[in-house]
Amino acid sequence: MKVRSLAELKTLHKVIAQRAAAEAAAREAERLRLQRLDRERRLFELAVGPVQPLVAPRRVHHPLRPVEPTPRQRQLDEQAVMREALSDDFDVETLLHTDEALSFRRPGLGPDVVRKLREGHWSIQRQIDLHGLRTDEAREALGAFIRETHALGLRCVRVVHGKGLGSPGRTPVLKARVLRWLVQKNEVLAFVQARPAEGGAGALVVLLKPVGRRLSTSRR
């Protein structure tokens, strides 16, 4: 750095002196800080006595493994499918009351429920006609019908399965399956063969559980 005048030389000396003073002040501050720390350490040793540093235990650090997400919705869907998986092999004969017409009621319900159902105590609110459907189609249609009508809060519905007059041997194959399927549906409380004016042997009148409350099973 060239100095062109006496004034510049004085200014340079002043800058150098200020820088040296700042560096000396910083060194003094650091010396005082270390001195204070040493004094505090000695005071601590005098207060608690001789100490030894703790030996850090050897630890094994296991890598974190990501937790697989639980497919909750898929599980719920699979459970719903299982609930709707109506079996054709379900033994319904021991649950049906064989008199002048077939009838079914859940355990705990009195016979007056079946009597009232036959007498039309509950008005039929909706019906499904399974005529012409194949077995798999009829099973799905009936399951959806019972589920939807129950969700709507309907209490009494009719299921028309036909008399089997058009089936080989004139045997009502679909009727027997409908009986099995209805017994397996939790929404169904009872059913009876329809009265002649409502379809007779070709239909069933079904009583569904009430929505949102438990049905009393005591006799009136």
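Annotations for the structure displayed:
- Residues (within 15 Å of residue 204 (Cβ to Cβ), free of Cβ contacts under 8 Å to residues at least 24 places away in the same chain and either of a type in the set (Gly, Ala, Ser) or in a loop (DSSP other than H, G, I, E, B) (or both)) located in segment 137-155: 141
- Enumeration of residues in segment 121-146 that are under 12 Å from residue 158 (Cβ atoms) and open to solvent by 30 Å² or more (accessible area, probe 1.4 Å): 122, 123, 124, 125, 126, 127, 129
- Only one of 58, 74, 4 that is part of a helix (DSSP H, G or I) and either out of contact with any Gly (no Cβ under 8 Å at 6 or more places or on another chain) or modelled with pLDDT under 75 (or both): 74
- Filter result (among the charged types (D, E, K, R), at pLDDT 85 or above and open to solvent by 70 Å² or more (accessible area, probe 1.4 Å)) within segment 169-220: 195, 209
- Looking across segment 104-132, just one residue is closer than 17 Å to residue 160 by Cβ and without any contact (Cβ under 8 Å) to a residue 24 or more places away in the chain, and that is 132.
The values are calculated or read from the model by the stated rules, or taken from the named source; none is laboratory data. Everything numeric in this text was worked out from a predicted model, so none of it was measured. Here the Cβ is made from the backbone with ideal geometry for all residues, glycine too, and neighbour counts use every protein chain on show. These accessible areas exclude ligands, DNA and RNA; they are computed on the full protein's heavy atoms, side chains included. Shrake-Rupley method; radii C 1.70, N 1.55, O 1.52, S 1.80 Å.
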